[in-house]
1. Rounded to the nearest 20 debye, what is the charge dipole size of the chain about its Cα centre when +1 sits on each Lys and Arg Cβ and -1 on each Asp and Glu Cβ?
2. Have a look at the DSSP beta bridges in the stretch 121-242 and tell me what percent are antiparallel, nearest 5.
3. Relative to the present Cα-Cα distance, how much length would full extension add between Ala218 and Ala197 at 0.36 nm per residue of separation?
4. In whole Hz and in residue order, list the ³J(HN,Hα) couplings for the stretch 32-40 that follow from phi through the Karplus curve 6.51 cos²θ - 1.76 cosθ + 1.60, θ = phi - 60°; x for Gly and Pro.
5. Going toward the positive end of the dipole of the chain, with +1 on Lys and Arg Cβ and -1 on Asp and Glu Cβ, which of Pro239, Leu176, Gly150 do you reach last?
6. Under 24 Å Cα-Cα from Lys12, which lysines qualify once same-chain neighbours fewer than 8 residues away are excluded?
7. Taking the dipole about the Cα centre of the stretch 41-191, with the C-beta of Lys and Arg at +1 and of Asp and Glu at -1, give me whichever of Ala42, Cys79, Gly112 is farthest to the positive side.
8. Leaving out ligands and nucleic acids, and using a 1.4 Å probe, what accessible area per residue does the chain come to in Å²?
Amino acid sequence: MSASPQGSAAPKKVTPLTFREKKAAGQPITMLTGTDLPMAQALDEAGLDSVLVGDSLGMVVLGYETTLPVTMDEMLHHCRAVARGTRRALCIGDMPFLSYQVSEEEAVRNAGRFLQEGGMEAVKLEGGRERLTAVKAVIGAGIPVMGHLGLTPQSVHMLGGFRPQARTAEAARRLLEDALVLEEAGCFSIVLESIPARLAALVSKRLPIPTIGIGAGAGCDGQVLVTHDLLGMFDRFTPRFVRQYADLHDEMVRAFRAYKCDVEAHRFPADEHTIDMAEEEWDELLRSLPGA
Ligand code: KIV
């Protein structure tokens, strides 16, 4: 291990290559979303392989109904905070709606901003064959790309809502073809969201690159969840595929109520939270005041 500039040992950095190695070794890849510095620090310390700055932050942090209003600037703002809190995990920035669909040039420029301005090391974008030219152009610029198939939230209106995908044989075959197209284009990994577990397992077996599942069963090479769902911080809607590991919303309400009660009852701040002046300084102040 080499020493970091601060002197502490630098952990071995996770890269897209690590994803491949973990798949080859049959080791599950762990990924969660991150939106800010403390969360990124906790994810990194917990040893997660990857932090995705997902555009789901538009819903769970910014309060939008869908991910569609999320802008490049909003994404980059959160990416920078996450990058500052991460030393080991691979940081992936999620390209927002219309940042890669309009032209190859815009796709490359915006993907580049995630690395140059956001401190990310890879980008994710949604879609299969219809995004092939954008995917190729971004990879051609030397930027690692993660694909995303199945329930692609930026197409929520086209899909008729946030609903499971690829449940017919025809749609499943199309998804498998898309996965192969993305792999051939050079994607280092693909997110499979809300598709039947048997299909996700089949796609994972057929692809040399790792799949990362969300609502796609245990047969994927890795798993991702939206951290706010896992922590119970987003109470508007919790998808069926989420396992909630904490109830931070209730915990926050409990803490805020306790603080409010303490302030109202004059229990906070107490002596130990209070600074004072030396007696002589205080006396001098009082002497110097008009009318002393
Ligand atoms: O935006 C996001 O958080 C995502 C994950 C659900 C994969 O795309």
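The values are calculated or read from the model by the stated rules, or taken from the named source; none is laboratory data. Keep in mind it's a predicted model, so treat the numbers as computed, not measured. Heads up, the Cβs are rebuilt from the backbone with ideal geometry, glycines too, and the neighbour counts pull from every protein chain shown. Heads up: the accessible areas ignore ligands, DNA and RNA and are worked out on the full protein's heavy atoms, side chains in. Shrake-Rupley method; radii C 1.70, N 1.55, O 1.52, S 1.80 Å.
1. Numbers: 30 positive and 39 negative charges, 396 e Å.
Charge dipole of the chain: 1900 debye, to the nearest 20.
2. Details: 1 of 14 bridges.
Percent antiparallel among DSSP bridges in the stretch 121-242 is about 5.
3. Values: separation 21, 0.36 × 21 = 7.56 nm, distance 0.71 nm.
Extra length from Ala218 to Ala197 when fully extended: 6.9 nm.
4. My calculation for the stretch 32-40 gives 9, 7, x, 10, 7, 4, x, 5, 4 Hz in order.
5. Ranked along the dipole, the leading option is Leu176.
6. Reachable lysines: Lys22, Lys23, Lys124.
7. Most positive-ward Cα: Ala42.
8. On the way: 15820 Å² over 292 residues.
Per residue, the chain has an accessible area of 54 Å².
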